[in-house]
Structure formats: structure tokens, C-alpha cells
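Colleague: Attaching a single structure in C-alpha cells format; questions to follow.
The values are calculated or read from the model by the stated rules, or taken from the named source; none is laboratory data. Note that the coordinates shown come from a computational prediction; the quantities given were computed from them, not determined experimentally. Don't worry about glycine lacking a Cβ; one is built from the backbone with ideal geometry, like all the others, and counts go over all protein chains shown. Accessible surface is based on the protein model in full, side chains and every heavy atom, while ligands, DNA and RNA are left aside. Shrake-Rupley method; radii C 1.70, N 1.55, O 1.52, S 1.80 Å.
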Amino acid sequence: MRRLTPPDRHAIQAAARALRDGELVVFPTETVYGLGADAENRDAVRRIFSAKGRPTDNPVIVHILNVAMARDLTAGWNETATELARRFWPGPLTLVIRKSARVPAEVAGGLDTVAVRVPDHPVALDLLRECGFPIAAPSANKSGRPSPTRCEDARADLGDAVAVYLDGGATRVGVESTVIDLTRKRPTLLRLGGVAREAIEAVVGPLAAAGKIERPLAPGMNYKHYAPQTPMRVAENPAKLAELWREFNAARGARSIAWLVSSEADIAGPDVTVVASRDDADVWAHRLFALLRDADRGGHDLIVVEAIPEAGLGAAVMDRLRRATQK
Ligand code: TXA
Ligand code: MG
């Protein structure tokens, strides 16, 4: 089993060497851990898909240092992109733009676009500087599982398929980046994430919804996602939570349930985790995936999660919960 290493200068150089040799590296970003490969090395990128068990039609995000690198990889960089990059990079915003010839088809999942972002994490940025080339990196989980917010979660999923694990501790944001498509008439929201929709709309006006249109815009959003192995339910409101709690108690522990609830919920017990206030969506986002993985390890029959308001990062949190419970 590969070792996790603190991301000192020495480790970052070793990671850059591994990437140059076409191997895979797990590294922290501000959102979740990424599974990185040299974006211009087709064989290395193919290795990402086999390590994750990811369908090859699901493109990966390319991590870059700055707008100059973004311009190199794209053919349709425009004023909206400049505006969004100025406001949100480095940070959890991914822009989908028509790709240049430098981006291999493997990265784009066969589409004519590429997704790019500048991560807001010193280790990711040091690694990019040390390499000098763009790094293709999806979240470092097995396909379908919750994204890793701790290095050991990535290792539990990927083991020896990865040459170097850079352990930067728990990630700050906890949900993945927001993905915006800039190839359409209006900027289109493909995935809710670490930058709140409201903040983006303050810059570019109302975002179009991807909805159910002619082709899947973010192919990844078609697959079941973010799911723990244990069955899961969302208690859509406080009354529903109270009802499930009553049923559970009436059944006198016939089932073992892990409860992830707000500090306003009126329940308590050994398997009840108070995540944060209902209105503290940032903390919910920060803790969610790690709590789902921990609940999984607890050997429960069911995980019940209380819904929170869909403002700010609450929208991304609820999006992940719904996808994790969809059949
Ligand atoms: O925060 C994040 O975005 C993390 C960190 C590591 O950067 N990465 C991440 O990557 O979440 P991944 O592969 O798990 O999710 C990328 C999403 C997928 O839904 C994928 O389909 C979509 O972005 N995507 C990537 N390239 C695309 C493209 N060219 N057009 C449309 N959607 C794209
Ligand atoms: Mg992912």
C-alpha cells in the first residue's frame, strides 16, 4: 500500500517526476482531492479512467496555473471567461470552453470542449509550477463514491494505482467546483459546487439551466454519484425527520441508523452526528463527504441526512445528497 506523504518540497518534486513519467498523483485542492496525470500524455490520462473505473465518455477537468495556460488549451476564450477568471480564480469555478488542438480527446471524453480551472491550494499550485504542464484531474475516488476530502479516503479507493499521495489534510471547501459552460448563447450551469450560484450571477447575470437538453452537457452528471455503500435517505424537512426518529424509536433499535442532522434538530443519541446549524451551509459542505464515508464504515443499515436550505453552498450540498440517493 502506498504511503501518504506530507507535501514538502521534496515530495512535490517526487510527485512532479512521477507525473512527467506518466504516472498518477493524488494531490489536495481547496475542494476535494484530485487524481492527477499529465494532461498532454494520452496514456497517463487513460490510466486515470482505469484507476477510477470511470466511463471514458466522461471528460476530466484540467488544472492550470493562470489564464495564459487557459488560453493555450482553449479555442474560444472570451470576455465572459476573462471576467469570471478575474473574479473567481484561483478558486472552485470550472469553465467549459471549446478546446484547442493541444487537448487530447481522452481528456475531453470525445467532446470538442475542455473544462479548466485554477485551484486555490498551495500544494496544487506548487505542483503545477514544478511540472510546468497542465494536470488533468478528476476527483480521486472510485467512480460513484463520495469525493475524497481527506488523503486517506483517496488511498482507500485507489491504493497502488497511484505513485504518490500528497497529504495536505482535510480540504477546505469539501464539495467539488461549480462547472459553467461558456460555449452556449448564455453561460450555463452544469454543476453546482464550491462557488455559490448567486455569486456567479452577480457577475454574469442569470445562468441558464442545463436541464434536459439535446445532449448531456456534463456527462458526469448522468451517473449515480457521491453515494455511500449504505442505503441513504434525505429527511426533506424537520417534520419528516421527527417522524423517522419516532418510527426508529418505536422499532426499538431493530435497525442501526446513522443520523446526520442540524443543530436545530431535536434528537440525540450515540449514532446522531450534529453537523452544523441548518444555515451554516459552508460547514455542511466542508464535512459532508467525510461524514458519509465514516458512516459507511460504521456498519449501519441506513444513513438519514437532514435537508438544509438551498442558499449559498446549501444548493450544492442538497444536489449531492439527492444524487447519492437517486436510484
Ligand atoms: O473541484 C473539482 O472540480 C474537483 C477537483 C479535483 O478539481 N474535480 C472534480 O472532477 O470534481 P470530476 O471529474 O469528478 O468532475 C468533473 C465534472 C464532471 O461532471 C464532468 O462530466 C464535467 O465536470 N466535465 C469535465 N469536462 C467537461 C467538458 N468538457 N464539458 C462538460 N462537462 C465537463
Ligand atoms: Mg468526481
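Colleague: Please specify each residue of the stretch 93-104 satisfying the condition of being in contact (Cβ under 8 Å) with a residue 60 or more places away in the chain and open to solvent by 20 Å² or more (accessible area, probe 1.4 Å).
Modeller: ARG98, ARG102
Colleague: What about ARG20, is it farther than 29 Å from HIS286 by Cβ, surrounded by fewer than 22 Cβ atoms within 10 Å (Cβ to Cβ) and out of contact with any His (no Cβ under 9 Å at 6 or more places or on another chain)?
Modeller: yes
Colleague: Ok, one more. Pairs please, first residue from the stretch 37-50 and on the phi > 0 side of the Ramachandran plot and of a type outside the set (Asp, Glu), second anywhere and crowded, with 17+ Cβ neighbours inside 10 Å and modelled with pLDDT under 95, Cβ atoms under 7 Å, 6+ apart in sequence or on different chains.
Modeller: Note: no pairs meet the criteria.
Colleague: Oh, and also: Within the stretch 172-181, how many residues turn out to be of a type outside the set (A, V, I, L, M), crowded, with 24+ Cβ neighbours inside 10 Å and part of a loop (DSSP other than H, G, I, E, B)?
Modeller: 3
Colleague: For a quick check of your reading of the model, give me the residue pairs whose first member lies in the stretch 228-256 and is more than 27 Å from PRO309 (Cβ to Cβ), whose second is aliphatic (A, V, I, L, M) and outside any loop (DSSP other than H, G, I, E, B), with beta-carbon atoms closer than 9 Å and at least 6 apart or on different chains.
Modeller: Close Cβ pairs (under 9 Å, with a partner that is aliphatic (A, V, I, L, M) and outside any loop (DSSP other than H, G, I, E, B)) amount to ARG255/LEU302; SER256/LEU302.
Colleague: Take the conditions outside any loop (DSSP other than H, G, I, E, B), aliphatic (A, V, I, L, M) and touching a residue at least 12 places away in the same chain (Cβ under 8 Å) and apply them to VAL195. Does it pass?
Modeller: Criteria not met by VAL195.
Colleague: Then there's this: Evaluate the stretch 136-147: report whether one residue or more is in a strand (DSSP E or B), more than 8 Å from ligand 1 (Cβ to nearest atom) and closer than 21 Å to PRO55 by Cβ.
Modeller: For the stretch 136-147, residues in a strand (DSSP E or B), more than 8 Å from ligand 1 (Cβ to nearest atom) and closer than 21 Å to PRO55 by Cβ: present.
Colleague: For the stretch 291-312, enumerate the residues that are surrounded by 18 or more Cβ atoms within 10 Å (Cβ to Cβ) and either part of a helix (DSSP H, G or I) or modelled with pLDDT under 95 (or both).
Modeller: LEU291, LEU292, ARG293, ALA295, ASP296, listed by residue number.
Colleague: THR74 is checked against (1) of a type in the set (S, T, N, Q); (2) surrounded by fewer than 23 Cβ atoms within 10 Å (Cβ to Cβ); (3) over 22 Å from the mean Cα position of the chain (by Cα) and fails just one. What number does that condition carry?
Modeller: Just one mismatch for THR74, condition (2).
Colleague: Out of THR113, THR80, THR178, which single residue is at pLDDT 95 or above and either within 16 Å of ligand 2 (Cβ to nearest atom) or in contact with an Asp or Glu (Cβ under 6 Å, 6 or more places away or on another chain) (or both)?
Modeller: THR178
Colleague: Go through the stretch 127-161 and report how many residues are open to solvent by less than 10 Å² (accessible area, probe 1.4 Å), within 15 Å of ligand 2 (Cβ to nearest atom) and touching a Phe, Trp or Tyr at 6+ places or on another chain (Cβ under 7 Å).
Modeller: 6
Colleague: Residues of the stretch 33-48 being open to solvent by 10 Å² or more (accessible area, probe 1.4 Å) and touching a helix residue (DSSP H, G or I) at 6+ places or on another chain (Cβ under 8 Å), which ones?
Modeller: ASP38, ARG42, ARG46, ARG47
Colleague: Separate question: Does the stretch 163-170 contain at least one residue that is farther than 19 Å from ASN141 by Cα, open to solvent by 10 Å² or more (accessible area, probe 1.4 Å), in contact (Cβ under 8 Å) with a residue 60 or more places away in the chain and not aliphatic (A, V, I, L, M)?
Modeller: no
Colleague: Separate question: Of all residues in the stretch 80-129, which are assigned to a loop (DSSP other than H, G, I, E, B) and of a type in the set (Phe, Trp, Tyr)?
Modeller: Matches in the stretch 80-129: TRP89 only.
Colleague: Within the stretch 22-50, can you find the residues that are closer than 23 Å to HIS121 by Cβ, more than 13 Å from ligand 2 (Cβ to nearest atom) and in a helix (DSSP H, G or I)?
Modeller: Correct list: ALA44, VAL45, ARG47.
Colleague: A follow-up question, please. More than 21 Å from the chain's Cα centre (by Cα) and more than 16 Å from ligand 2 (Cβ to nearest atom): is that true of ARG87 in this structure?
Modeller: Considered against the rule, which asks whether it is more than 21 Å from the chain's Cα centre (by Cα) and more than 16 Å from ligand 2 (Cβ to nearest atom), ARG87 comes out as no.
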